[in-house]
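Structure first, then comments.
Derivation of every value follows stated rules applied to the coordinates shown; laboratory data play no part. Remember, predicted model here, so these are calculated numbers, not experimental data. Ideal geometry is used to build each Cβ from the backbone, glycine not excepted, and the neighbour counts take in all protein chains shown.
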Amino acid sequence: MSKEFGSMPLTWKKLGEYNDETDIYLCDQIVDIRRFDEKSNEWNESELKRWLNCEFYRKAFSDEQRKQIVRNEITQDCVFLLSVEEFIKYKRRIAIATDYWWLRSRGNFTSYAAIVHNHSAINDGCNVVINYCVRPAILLMKKAK
């Protein structure tokens, strides 16, 4: 699946099987640099979740592509960030990070969220108001065999 977001063509890498019906894909590119939220590390209430599932979702995918995207049962999102657990599970399929990018998991303080940083290490203590890179994930229905 590919489409342009702004002037940037997006490509999605299949990380693996998410469940019996879907596969998980991670965007190969950084799509933006944004803060997680104004004050909270709660993914379900974050500015970043709203932006990914509204503005980004509308601009990054055609109507036909949106029909293929499956809502994540855990986050209730069409577009989401990986959790720490998902990053660890699929890490071998993700290129070594050279940028700092958000995960959706909470950090060790109420105003901190987890990120991936240099050499693909996880840091669970970054302030949500700081701008870091955004690499979204989606679920697609498995193709019929």
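For this structure, a couple of remarks:
- Treating each Cα of region 27-91 as one equal point scatterer and applying the Debye formula with no solvent, the log10 of I(q)/I(0) at q = 0.29 Å⁻¹ comes out as -1.42.
- DSSP beta bridges in the chain [antiparallel fraction, %, rounded to 5]: 95 percent
- The slack between Ser120 and Glu21, meaning 0.36 nm per residue of separation minus the straight C-alpha distance, is 32.8 nm.
- Non-local lysine pairs in region 33-145, meaning eight or more places apart or on different chains, with alpha-carbon distances under 24 Å, amount to 14.
- Projecting label points 7 angstrom from Cα along Cα→Cβ for Arg93 and Thr110 puts them 3.7 nm apart.
- Nitroxide proxy distance, nm - points 7 Å out along Cα→Cβ at Gln29 and Glu55: 1.7 nm
- Sites matching chymotrypsin sites (Phe, Trp or Tyr not before Pro) across region 97-145 that sit in DSSP coil, with at most 14 neighbouring C-beta atoms within 10 Å: Phe109
- With the convex hull drawn over the C-alpha atoms of region 6-62, the volume per residue is 116 Å³.
- Legend: P(r) of region 11-141 from all alpha carbon pair distances, 5 Å bins from 0, whole percents, reading 2, 11, 22, 26, 21, 13, 4, 1, 0.
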